[in-house]
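Here the structure comes first, spelled out in structure tokens, and everything after it is commentary.
The values are calculated or read from the model by the stated rules, or taken from the named source; none is laboratory data. Fair warning: this is a prediction, and the values are worked out from it, not measured in the lab. Cβ atoms come from the backbone with ideal geometry, glycine included; neighbour counts cover every protein chain shown. We work out accessible area using only protein heavy atoms, side chains counted, and drop any ligands, DNA or RNA first. Shrake-Rupley method; radii C 1.70, N 1.55, O 1.52, S 1.80 Å.
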Amino acid sequence: MTLLQSFIQVHPDSHFPIQNLPYGIFKPQPDSSPRPGVAIGDFVLDLSEISSAGLFNGTLLTNSDCFLQPNLNKFVSLGRPAWKEARATLQKLLSSTEPTLRDNDVLRQKSLVPLSQVELLLPVAIGDYSDFFTSLHHTKNCGIIFRGPENPVLENWYHLPVAYHGRASSVVVSGTDIIRPRGQAHPAGNPSPYFGPTLKLDFELEMATIVGPGNELGKPVDINNAEDHIFGLVLLNDWSARDIQAWEYVPLGPFLGKSFATSISPWIVTLDALEPFACEAPKQDPPPLPYLAEKVSKNYDLSLEVHIKPAGHKDSSVVTRSNLKHLYWTLTQQLAHHTINGCNLRPGDILGTGTISGPELESRGCLLELTWNGQNPLSLNGLDRKFLEDGDEVTLTGYSKGDGYTIGFGTCSGKIVPSAP
């Protein structure tokens, strides 16, 4: 089959070919209003201009103002038929054989903006944020570190996707500085806790589901319909203060050790774009309860990397290479479980996967695992790191290689800055 090509030149290694077309929110100028766009090569296609030109003329999107909004919430709420219609329209408009946009100089100048010139914003207004704990390798490693090797994985973990409710207000877009949090911690051997800047600041390599249509309060989502409630995925870094977290988390779970910042990438890659990379999910033993038993249980073969650039250095080091396919509990199981008690999800909610670690040492998805809670420092450009120092910059990236193209997420980055005095 001939590979679909765009009239816009796209480098073979670009994360944003015509096969991807991820959605985001951007400002073309500092004083512009936020508007939706899709990434194509080194450009952003301004969907407000395409909409105003009447080019979304399918049965579901004609006369819709969903691309004239300052966020993507209205569009993601419309559901899979509307998403498919938009994708088909955009792939046709951007294809090398379609003259409508290619040969319209005025519209092309208005609607195609260089990526290097725009400000990227959070793609959705996030009403709620939940974070799961769905990688078996991460769960085992954390259990061994904190409880020992005798019983590293608690019994409930194999029966349900464990999660906690995060803080939506501190979810920030990639590129936002991360202020080192302060709080209480309790070092081993000390009789009382101390207060101050965290000494164990960590990253967590995660991805997150962007919820599309929600569900009514009291009406759970059937596991075999859950995919229709997932618009797409973003990279997510759930920054963690391990010393604050260790002191506070019993009995109610994470609080200040997590809620100070969570970074997400600006581009939402749709499940339609990821479908060529779907793969079989791991066998679950014991079998899940019926409400979590899927007719088709799948993950995505998506390579993930974490790079750290130490303070004062221009070069970064790759510290983690993992893959989304390592998740034990699938994205659809996470969403269905979230609603099984009747909890209502809403468009734009985000569901973090939890740290995505694999079986190899280099696939551990956080410094807690990589350094074994600081016992085995990493070497970054000749510098030892147990945890993150002020000035360190962490960058997550994710991509899948197709036949002649790459589907990618861009990057999710953040730089550590000192605590406020």
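Below is a table of values for the structure above.
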item: Residue in region 280-294 that is open to solvent by 40 Å² or more (accessible area, probe 1.4 Å), touching a Lys or Arg at 6+ places or on another chain (Cβ under 8 Å) and within 22 Å of TRP157 (Cα to Cα) present; result: yes
item: Residue match in region 282-296 (condition: touching a strand residue (DSSP E or B) at 6+ places or on another chain (Cβ under 9 Å), modelled with pLDDT of 95 or more and of a type in the set (D, E, K, R)); result: no
item: Looking only at region 5-29, and only at residues there that are farther than 10 Å from VAL118 by Cβ and surrounded by fewer than 16 Cβ atoms within 10 Å (Cβ to Cβ), the one that is modelled with the highest pLDDT; result: GLN9
item: Filtered residue count, region 240-254, keeping only those that are over 20 Å from ILE416 (Cα atoms) and open to solvent by 30 Å² or more (accessible area, probe 1.4 Å); result: 8
item: Residue ID - farthest from ILE230 (Cα to Cα), chosen from residues in region 100-138 that are open to solvent by 20 Å² or more (accessible area, probe 1.4 Å) and small (Gly, Ala, Ser); result: SER116
item: Test set (1) under 23 Å from the mean Cα position of the chain (by Cα); (2) farther than 27 Å from LEU3 by Cα - THR62 fails condition number; result: (1)
item: Top-ranked residue of region 48-73 - restricted to ones that are touching a residue at least 40 places away in the same chain (Cβ under 8 Å) and outside any loop (DSSP other than H, G, I, E, B), ranked as most open to solvent (accessible area, probe 1.4 Å); result: GLU49
item: Neighbours by Cβ (under 9 Å, 6+ apart or cross-chain): first from region 190-206, at pLDDT below 95; second part of a loop (DSSP other than H, G, I, E, B) and open to solvent by 60 Å² or more (accessible area, probe 1.4 Å); result: SER192/HIS186; PRO193/HIS186; TYR194/HIS186
item: Given (1) over 24 Å from SER170 (Cβ atoms); (2) in a helix (DSSP H, G or I); (3) out of contact with any helix residue (DSSP H, G or I) (no Cβ under 6 Å at 6 or more places or on another chain), number of the condition LEU93 does not satisfy; result: (3)
item: Residues of region 387-407 satisfying the condition of being surrounded by fewer than 19 Cβ atoms within 10 Å (Cβ to Cβ) and closer than 19 Å to GLN245 by Cβ; result: GLU389
item: Members of region 222-239 that are in a loop (DSSP other than H, G, I, E, B) and surrounded by 21 or more Cβ atoms within 10 Å (Cβ to Cβ); result: ASP238, TRP239
item: Residue match in region 307-318 (condition: under 30 Å from GLY402 (Cα atoms) and of a type in the set (A, V, I, L, M, F, W, C)); result: yes
item: Filter result (open to solvent by 80 Å² or more (accessible area, probe 1.4 Å) and either under 19 Å from SER303 (Cα atoms) or of a type in the set (Phe, Trp, Tyr) (or both)) within region 355-386; result: PRO359, GLU360, LEU361, GLU362
item: Residues located in region 371-419, provided they are among the hydroxyl-bearing types (Ser, Thr, Tyr) and part of a strand (DSSP E or B); result: SER379, THR395, THR397, TYR399, SER400, THR406, THR411, SER413
item: Residues of region 30-47 classified as in contact (Cβ under 8 Å) with a residue 24 or more places away in the chain and over 17 Å from THR100 (Cα atoms), total; result: 12
item: From VAL106, VAL113, residue being of a type in the set (A, V, I, L, M, F, W, C) and assigned to a strand (DSSP E or B); result: VAL113
item: Residues within region 197-206 that are open to solvent by less than 10 Å² (accessible area, probe 1.4 Å), in contact with a helix residue (DSSP H, G or I) (Cβ under 6 Å, 6 or more places away or on another chain) and not hydroxyl-bearing (Ser, Thr, Tyr), tallied; result: 1
item: Flag if PHE26 is more than 22 Å from the chain's Cα centre (by Cα) and aromatic (Phe, Trp, Tyr); result: no
item: Residues located in region 241-281, provided they are at pLDDT 95 or above and small (Gly, Ala, Ser); result: ALA241, GLY257, SER259, ALA261, SER263, SER265, ALA273, ALA278, ALA281
item: Test result for GLY214, touching a strand residue (DSSP E or B) at 6+ places or on another chain (Cβ under 6 Å) and either closer than 23 Å to HIS326 by Cα or surrounded by 14 or more Cβ atoms within 10 Å (Cβ to Cβ) (or both); result: no
item: Contacts under 6 angstrom Cβ, first residue in region 404-421 being more than 29 Å from LEU3 (Cα to Cα), partner open to solvent by 60 Å² or more (accessible area, probe 1.4 Å) and basic (Lys, Arg), 6 or more apart; result: SER419/ARG182
item: Count - residues of region 75-86 that are touching a helix residue (DSSP H, G or I) at 6+ places or on another chain (Cβ under 6 Å) and within 12 Å of VAL38 (Cβ to Cβ); result: 1
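Yes/no matrix, rows are residues, columns are (1) surrounded by fewer than 18 Cβ atoms within 10 Å (Cβ to Cβ); (2) in contact (Cβ under 8 Å) with a residue 60 or more places away in the chain:
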{"site": "PRO276", "(1), (2)": "yes, yes"}
{"site": "ASN323", "(1), (2)": "no, no"}
{"site": "HIS326", "(1), (2)": "no, yes"}
{"site": "THR332", "(1), (2)": "no, yes"}
